[in-house]
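Shown next, in structure tokens, is the structure this report addresses.
Every number here is computed from the coordinates shown, using simple stated rules; none is lab data. Predicted, not measured: the structure shown is a model, and the values here were computed from it. FYI the Cβ positions are ideal-geometry reconstructions off the backbone, even for glycines, and counts take in every protein chain you see.
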Amino acid sequence: MSVLGWALPFLPATAGGLLALCGRRADRAAPAVAVVVACVTLALAVVAAVTRPVVRAPFLEGLPVGMAIDGLSAVMVVTVAAVSLAVVVFAAGEMTAARFFGLLLVFVGAMLVTVTATDLVLLLMAWEVMGAMSYALIGFWWRDPDRVRSAGIAFLTTRAGDLGLYVAAGAALAGGGSLALAGLADAAGPWPHVVAAGVVAAALGKSAQLPFSFWLSRAMAGPSPVSALLHSATMVAAGAYLLLRVEPLTAATGWAAWLVAWTGAVTALALGAVAVAQHDLKQLLAASTCSQLGFMVLAAGAGAVAGGAAHLVAHAAVKSLLFLCAGAWLTSLGTQSLPGLHGAARRDRLVGAAFVAGALTLAGLPPLSLWITKDAVLTVAAEESAALYVVGLAGGVTAAAYAAKTLVVVLRPVGTERPGRPVSVWEKAPLPLLASAAAGFGVVVLWWDAWGRLTGDAGTRAPGPGGLAVSGALAAVTMYAAARLAHRVRRPAVLADWLLLERGVHRLVVSPVMGSARLLARFDDTVIDGTVRATASAGRRLAGITDHRVELPLDRIVRDVGRGVRGLAALARRPQTGQVHTYYAQAAVLLFALAVVVVLAG
Amino acid sequence: MTVLSAAIFLPLLAAAVLAVTPRVADRLVSWTWVAVCAVDLVLVAVMWAGHDGGVAYETRLTWMPSVGAGYHVGVDGLSLPLLALTAVLFLVCAVFSLGRTYRVRAFAALFLFLQTVCLGVFSALDLVLFFVFFDLSIVGMYFVIAGWGHGDNVRSALKFFLYTFVGSLALLLGFIALYLGAEPHTFDMVALTRDPPLADAPGPAALALLAVGIGLAVKTPVVPVHTWLPPAHTDAPAAGSAILAGILLKMGGYGLVRVAMPMLPQAWRAHAWLIVALGLVSVLYGSLVALAQENVKRLIAYTSVAHMGYIVLALGAAGTVAGDAAARRIAVTGAVTQMVSHGLITGALFLLAGVLYDRAQVYDMARYGGLARRAPVFAGLVIVAAFASLGLPGLSGFIAEFQILTGTIGGGTLWTAVAGALAVLGILITAGLFLRMLHRTLLGGPGPLTGRVTDVRAGELTAVAPLTALSLLIGIAPRPLLDMIEPASAAVVSLVSR
């Protein structure tokens, strides 16, 4: 059984790594290989969901790593594998590069590890690899500096959140010596609070919740299949999954659950409003992703794990469907701006129908899936606090508004048919299946108790008829109103510009950091290295001083002494003339002097 | 003559033969160099395979009996990973230099000499022997930079020499203090570790730690005694930079775990807060200054300062006995892993910077751009090395830094936890600066010098690819390396807790 546990994530990861390594040589075979690998991965995921393999391996000292599949993970692996297959099939009709499919498969493998990891080490590893792969995929068209910049912003923003997981791992070690996800809430002393803070920061970053949401807008720079995958079952979903997984931990701390619930609710509302204000279909869908993720985060905070998981699955189907439709239109019509998509749904009926189904589901219209799953979350949230329920409900209203806005545009009749590339059969193939999953997943409510047991949330409250009626009616009314009024409402710049989040972060974080980096670099050159240089030149100057002030005078004394001696020597040489008569004269003088001495002494 | 001594002195022997043999063809010299390095790597691998715990392959010969100094060498779990790193990196440099034409014989002889010196430092069990090798490494590297460098290399080489030489003089003072503090006086590291000198004299012990610490801090280097590093790297030849960053810097960190911690445990514990603070400052300061660099080699040099800072941080945290012992063991293991990992990754990065310089003679990032189109394999290698350096899981940097950070925070005392949490910021800054480098050199549109850059040649690829492959191997399957290190780091933690 353990072979299956390892094979599930490592098959796509290894295949993807090899494809990326081969590069252009593998371009021809890459789409087919990727489709086959994605099919096998889905099969493995289904088998794993049934057989529930558990694997463990020694890793760091006292910190083994492992993967296990419980109910929640089973739901996740099947969702991830299914959506990935749909996206890969779609991409086979659009992309050819082996590098693209390689990165995509590694990305999927990392997500599969993330949702099955049983400890923080492995979770963090897969989590960060997924972030790096999303960087590579968003910046896939690397010749365009703008896209590369967007990729960098996405990576750095999510990694800023990831730092929380590093701190959480250290705190978990300090609190109990184990990094198992299941035991995080049991850490001793104040450490569970630190762990919770770290995990929550990482999850909010990954799920593009406030205040991290802006990176998801940047993530739109990647190819459409990447957006479809990133926004549905992987990447952003990982954050929501993690919060659902560690719900006991956040609940145990108290404040963390409250923070998570409110962040989710406020994001659902605020980013929903941002979505309404977008003029670009992919940007609208991106903001909608933040908003919908908000419901899952709200679910994790309010303890509605079953509802959150159901919303995650339904939203994965809806959002991948919508992004694939947008991608099909982008390649076919060359635009993703809403004005440019007038009547797009009337061109290719299959794509059009799929998009309409997705948009109606996204709006939360009865009897479609998100209507039910969202209400499953709100029902539990209402027990927590009425305010939370109201804010969540308002978030739902925005969904109806932005969905109506897109529908009005793409369904509007157009007089003349514009030329465009037909949508290929590969691109169309996954749409009907995704559309039916998206619309129909709500049937899960019929077996809600079983779903609750599966996701580890037994005894959870099912959505009640009252709440369902309220939210369904609200959605319908809002859609009608939005369809009538949408074009008349002015869009506030703050909303159109994603609440100015990116600009704010740039001004409050990026600029000061870059500024201080430059300042420190100059400090390093002038002060620290300057001190070293000054020491060196002081040494040289000291050498100069000893040379001039000490060495030269000393040398002069020595020279003077020498000169004196030489002078004396010259004097001493003078009597030595070599002439006999001078020697006689000297001898005579000497004798005379001797005689004088003798006489005087005597 | 054990296999260890053979491994240490084989390169020196080859260097001597090369030096005295006149008029050999450059190709023959280069291939001889590669062959000797390969044999040396095999010898180290044999030792690795045969090592089963504790100090092994010990040799003890009398050398200066009057001062209690001898030729005493041996290896354990701390030194074997570094010996392996040394053998790998020198082999890689030999392969990388295969196409050289400028004074090849002297270059090869000098590198072989350096290899003996580096292997000697990591296997010395006598302080005098350690010091001799430690000092000779400075001499060897001086000639590499001065003789084969570029730019303002003579000045940079002189700065490197004088700065690190002053450091090693401090180290010598410290060693003498250890010698005088031991009863009976000895330079033998095993004896000094068994009975720590100056155990009942905290003042002198602190001074000894100060002297040893300064000596090792200059070599590591720790902020603020790091400014010899960037110019030395910038003006050194690629292989010289790789060895300087990959091996020579490790002598500092290795000295801390081998000498300072086990021989001055009380002083280390008493000043653990200061060591943690120095490590933290190095991490944050180094990565911030690196973020502002325009010159590729200076950028990599400053990231080295930051990466070495993690080592100092972890070793400082390992000195807080109030902390959990398991966490401190993880921190020390992480520090040693970081030495190996940084050697591989930074070695690769400097060799790749050398490729860039070889093609266009410029390190300024602003002059390049879009290199991924002209040189896709080069770009791939740079990207892997950069992500390894920024600590991406699946590559060795993560294994090292995760253990360091988790071990530091997990120790459980408030101030190590705070220091660890602050040090975590370093990995975000490092990510930012490497992405900035990638965007400015490899991605985007072409720059003025992009046209001059051709892709890596076979020899260059053969040299760099194994480094990235090893980093990947350690990142995915760290157990073989950690099985070697963990018993030794457990010993270090128990020694420092005495």
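With viscosity 0.692 mPa s and temperature 37 °C, the Kirkwood radius over alpha carbon pairs of region A:120-267 converts through Stokes-Einstein to a diffusion coefficient of 212 µm²/s. Close amide H pairs (under 5 Å, H built 1.01 Å from N) link residue B:72 with B:61, B:125, B:126, residues at least 5 positions away or on another chain. Once the Cα atoms are used to define both axes, helix A:511-523 deviates from the longest principal axis of chain A by about 10 degrees. Think of region B:1-147 as having a plus end and a minus end, set by charges on the Cβ of Lys, Arg, Asp and Glu; of B:16, B:88, B:147, B:147 sits farthest toward the positive end of this dipole.
The smallest convex shape that holds all Cα atoms of region A:443-602, its convex hull, gives 457 Å³ per residue. Mean silhouette area of region B:166-241, derived from the convex hull of its C-alpha atoms and averaged over all directions, reads 6.3 nm². For chain A, the longest principal axis of the C-alpha atoms and the axis of helix A:281-302 are separated by about 90°.
For region A:2-10, the Karplus equation 6.51 cos²θ - 1.76 cosθ + 1.60, evaluated at θ = phi - 60°, returns couplings of 5, 4, 4, x, 6, 5, 3, x, 7 Hz by residue, with Gly and Pro reported as x. Amide H to amide H, with H built 1.01 Å from N, residue A:343 comes under 5 Å of A:410, A:411, A:412, counting only residues 5 or more places away or on other chains. Of the peptides B:40-53, B:237-250, the order by per-residue mean of other Cβ atoms within 10 Å, starting with the highest, comes out as B:237-250, B:40-53.
As a size descriptor, the averaged projected area of the C-alpha convex hull of region A:317-446 was calculated at 8.3 nm².
With everything on Cα atoms, drop me the angle between helix A:369-384 and the longest principal axis of chain A, reported from 0 to 90° to the nearest 10. Approximately 70 degrees, to the nearest 10.
Our Cα-only numbers for chain A put the radius of gyration and Dmax at 38.9, 155 Å. Based on Cα atoms of region B:121-253, Rg over Rh with Rh as the Kirkwood radius reads 1.04. As a size descriptor, the averaged projected area of the C-alpha convex hull of region B:201-313 was calculated at 6.4 nm². Within the shell of other residues whose beta carbon sits under 10 angstrom from the beta carbon of residue A:293, the net charge comes to +2, with Lys and Arg scored +1 and Asp and Glu -1. Over all other residues within a Cβ to Cβ distance under 15 Å of residue B:411, the charged ones net out to +1, with Lys and Arg as +1 and Asp and Glu as -1. Of interest is the spacing of the C-alpha centroids, which for region A:48-120 and region B:68-86 amounts to 43 Å. Fraction of C-alpha pairs exceeding 17 angstrom in region A:230-369: 60 percent, rounded to a whole number. 3J(HN,Hα) couplings calculated from phi for region A:247-255 with the Karplus curve 6.51 cos²θ - 1.76 cosθ + 1.60 (θ = phi - 60°) are, in sequence order, 3, x, 5, 5, 5, 5, 7, x, 4 Hz; Gly and Pro show x. Each Cα pair of the protein assembly as shown feeds into the Kirkwood radius, which the Stokes-Einstein equation turns, at 37 °C and 0.692 mPa s, into a diffusion coefficient of 103 µm²/s.
Shown in residue order for region B:48-65 are the 3J(HN,Hα) couplings computed by the Karplus curve 6.51 cos²θ - 1.76 cosθ + 1.60 at θ = phi - 60°: 4, 5, x, 7, 10, x, x, 7, 10, 6, 7, 10, 9, 10, 6, 9, 10, x Hz (x for Gly and Pro).
The Cα-based radius of gyration and maximum Cα-Cα distance (Dmax) for region B:1-73 are 15.9, 47 Å. As a rough guide to protection, the peptides B:150-158, B:199-207, A:34-42 ranked by mean Cβ packing within 10 Å, highest first, stand as A:34-42, B:150-158, B:199-207.
Remark: chain B is approximated by an ellipsoid whose semi-axes, taken from the C-alpha gyration tensor as √(5λ), come to 34, 27, 20 Å, largest first. Relative contact order, whole percent, for chain A stands at 12, derived from Cα pairs under 8 Å and 6 or more residues apart. Here is how the number arises for the protein assembly as shown: DSSP H runs of 4 or more residues each give -39500 (n - 2.57), the sum is divided by the residue count, and the result at 222 nm is -24000 deg cm²/dmol. Close amide H pairs (under 5 Å, H built 1.01 Å from N) link residue A:337 with A:281, residues at least 5 positions away or on another chain. In whole percents, the pair-distance distribution calculated for region A:419-494 from its alpha-carbon pairs, binned every 10 Å from zero, is 13, 22, 27, 27, 10, 0. With N as its number of residues, region B:290-340 has a Cα radius of gyration that, divided by 2.2 N^0.38 Å, comes to 1.42. Cα convex hull, region A:281-348: 75 Å³ per residue, rounded to a whole number.
Calculated translational diffusion coefficient of region B:368-455 (37 °C, 0.692 mPa s; Stokes-Einstein with Kirkwood radius over alpha-carbon pairs) equals 226 µm²/s.
Using only Cα atoms, figure out Rg for region B:318-418 and give it as a multiple of 2.2 N^0.38 Å. It is 1.42. Net charge in the neighbourhood of residue B:336 (other residues with Cβ under 15 Å of its Cβ; Lys, Arg +1, Asp, Glu -1) is 0.
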